[in-house]
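Asks: This is the structure I want to talk about, given as structure tokens.
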Amino acid sequence: AAAASAADMNPYVQELLDIHDKYTDLVKECFGQNAIFQKAMKEAFEIFVNKDIHKMTTAEMLSNFCDNLLKKSGERLDDQQLDDKLEKVVKLFSYLTDKDIFAEFYKKQLAKRLLLARSASDDAERSMIAKLKLKCGAQFTSKLEGMVTDMHLSADIQSAFAEWMQDKQLKLETDLTVQVLTTGFWPTYKSDELNLPSEMVQCVQAFKEFYDGRTSHRRLRWVHSLGSAQVLGTFCPGGKEKKHDLMVSTYQACILLLFNSQAKYTCEEIQKALNLPLDELKRYLLSLSVGKYRILLKEPASREVDAADAFSCNLEFTDRARRIKVPMLTAKVTQEEKETTRQTVDEDRKHAIEAAIVRIMKTRKTLDHQRLVLEASQQLMRHFKPDPKQIKKRIEDLIAREYLERDATKSNVYKYLA
């Protein structure tokens, strides 16, 4: 079967929640919460909850289900219904062996909800994080809490920036809102060397001056791929002047602003002017010229973009709405992001396994292979089920890096090197 989309799998997750409710009631009402029946139910759920469906892990499906509950465009529930459903999701989550995969998907989706202002309720976000914290401990949710806190601190920084501007009697031509994020909490985002238009350069320089005056030990790295802008477009459909507020991404805004100084550009010229990667640029040019809103005219009018293709402003553009949201950064986790999520999880697991081995050996000083693998597995089981082969690989790596050494007489015994 073809890989199902995230939305298609939400009914499946709902079915899992209903089945869990049904058997929880059965064990309670018919068997008086008898420990043997509780254990049997737990073991049964652990088997089928950890089965993949259409190459999709339950961890990913649960995260998508939460995303649908917590975003503005998702399922409509009142506060109590939402809290009850999130509580049920966390119960199902407790059966997962790969809790770290859930955490990584959840982190990426939470980031998009927060940064694109798509979160339905701040209280609901905090409530879900608190439930996960109760189940898995503070270390599991520290980054998620950091992200929510960053958003609140950003609002305070924004207010301070506005006051600083007043004190300095500075007036920017463009309104600027900056979200300052702590690198360690958020997913990794690519930086770029985008050539910003002069309207934006003035804003960036003013904020940098303000921020450098506030702190000397933090450095700002601008992530333009997450930005958005509101651009006022003046068009002349049928010879009559008409204005539209265009809600666009930072990249789309940079492209549109070029047409204030020149009527026509080739794709190659735009690329040189903005210094954007060509593949990215083509995607954004298509969204402005062949998408729902054709703000730019493309010659030739195909759905492919070549370096020599010419673009000009569509002065005849019109729409019934004054405010137009041009499709931009996708709110869903793309296939590429899924793959990088898996890579991130694999990398994090390596570090977690090594940290567990070093902790154990620091305490024990000497330990045989079987005991070390067993103890490391027990420590890591809270977040994921480690593969003994992976543990063996990490031990070999730690020996190569001189954290451990083999016993001279017994090769299956390891010693800790301080």
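The values are calculated or read from the model by the stated rules, or taken from the named source; none is laboratory data. Not measured: the values here are computed from a predicted model. FYI the Cβ positions are ideal-geometry reconstructions off the backbone, even for glycines, and counts take in every protein chain you see. With ligands, DNA and RNA removed, areas are computed over all heavy atoms of the protein, side chains included. Shrake-Rupley method; radii C 1.70, N 1.55, O 1.52, S 1.80 Å.
Asks: Calculate, for segment 280-392, the solvent-accessible area per residue in square angstrom, rolling a 1.4 angstrom probe over the heavy atoms of the protein chains.
Replies: Accessible surface, normalised per residue, equals 61 Å².
Asks: Excluding residue 271 itself, calculate the net charge of residues whose Cβ lies under 10 Å from the Cβ of residue 271, where each Lys or Arg counts +1 and each Asp or Glu counts -1.
Replies: Its environment carries a net charge of -1.
Asks: Where is the GNM fluctuation largest for the chain (alpha-carbon springs, 10 angstrom cutoff): 158, 379, 80?
Replies: Most flexible of the set in this elastic network: 80.
Asks: For residue 342 and residue 283, what does the FRET efficiency come to when R0 = 30 Å and r is the distance between their Cβ atoms, rounded to the nearest 0.05?
Replies: It comes out at approximately 0.80.
Asks: Find the accessible area per residue for segment 147-191; the probe is 1.4 Å, ligands and nucleic acids are left out, and the unit is Å².
Replies: Result: 67 Å² per residue.
Asks: Label segment 102-230 by shape, choosing from rounded, prolate and oblate, from the square roots a ≥ b ≥ c of the eigenvalues of the Cα gyration tensor; if a/c is under 1.5 it is rounded, and otherwise prolate applies when a/b is larger than b/c, oblate when it is not.
Replies: Taking the square roots of the gyration eigenvalues as a ≥ b ≥ c, segment 102-230 is prolate.
Asks: With Rg and the Kirkwood Rh both taken from Cα atoms, where does Rg over Rh land for the chain?
Replies: 1.05
Asks: A further question on this structure: Can you tell me the FRET efficiency between residue 320 and residue 268 if r is taken as the Cβ-Cβ distance and R0 is 30 Å, rounded to the nearest 0.05?
Replies: 0.25
Asks: Using 7 Å Cα-to-Cβ label points, what is the residue 73/residue 413 separation (nm, one decimal)?
Replies: Taking the simple label geometry, residue 73 and residue 413 are separated by 6.3 nm.
Asks: Please list 3J(HN,Hα) in residue order for segment 150-157, calculated via the Karplus relation 6.51 cos²θ - 1.76 cosθ + 1.60 where θ = phi - 60°; whole Hz, with x for glycine and proline.
Replies: 4, 5, 6, 5, 4, 5, 5, 4
Asks: Add +1 for every Lys or Arg and -1 for every Asp or Glu among the other residues with Cβ under 14 Å from the Cβ of residue 238, and state the total.
Replies: -1
Asks: Pick from 135, 55, 282: which is most flexible by mean-square fluctuation in a GNM of the chain where alpha carbon atoms under 10 Å apart are linked?
Replies: 55
Asks: Same structure again: Are there GluC sites (Glu not before Pro) in segment 367-418 that DSSP marks as loop and that have at most 14 other Cβ atoms within 10 Å, and which are they?
Replies: 402
Asks: Using packing as a proxy for protection, rank 82-94, 173-185 so that the peptide with the highest average count of other Cβ atoms within 10 Å comes first.
Replies: Taking the mean over residues of other Cβ atoms within 10 Å, the ranking is 82-94, 173-185.
Asks: May I pose another question? Roll a 1.4 angstrom probe over the protein heavy atoms and tell me the percent of accessible area of segment 90-182 that is carbon or sulfur.
Replies: 50
Asks: Comparing 147, 41, 247, which has the greatest mean-square fluctuation in the GNM of the chain with Cα pairs linked when under 10 Å apart?
Replies: 41
Asks: A follow-up question, please. Rounded, prolate or oblate: pick one for segment 274-418, where a ≥ b ≥ c are the square roots of the eigenvalues of its C-alpha gyration tensor, a/c under 1.5 means rounded, and failing that, prolate if a/b is larger than b/c, else oblate.
Replies: Prolate.
Asks: For segment 186-250, with all protein chains present and a 1.4 Å probe, just round the carbon and sulfur fraction of the accessible area to a whole percent.
Replies: For segment 186-250, the apolar C and S fraction of the accessible surface comes to 49 percent.
Asks: Take the alpha carbon gyration tensor of segment 223-281, find the square roots of its eigenvalues, order them as a ≥ b ≥ c, and report rounded if a/c is under 1.5; if not, report prolate when a/b exceeds b/c, else oblate.
Replies: Since a/c reaches 1.5 but b/c is at least a/b, the shape of segment 223-281 is classed as oblate.
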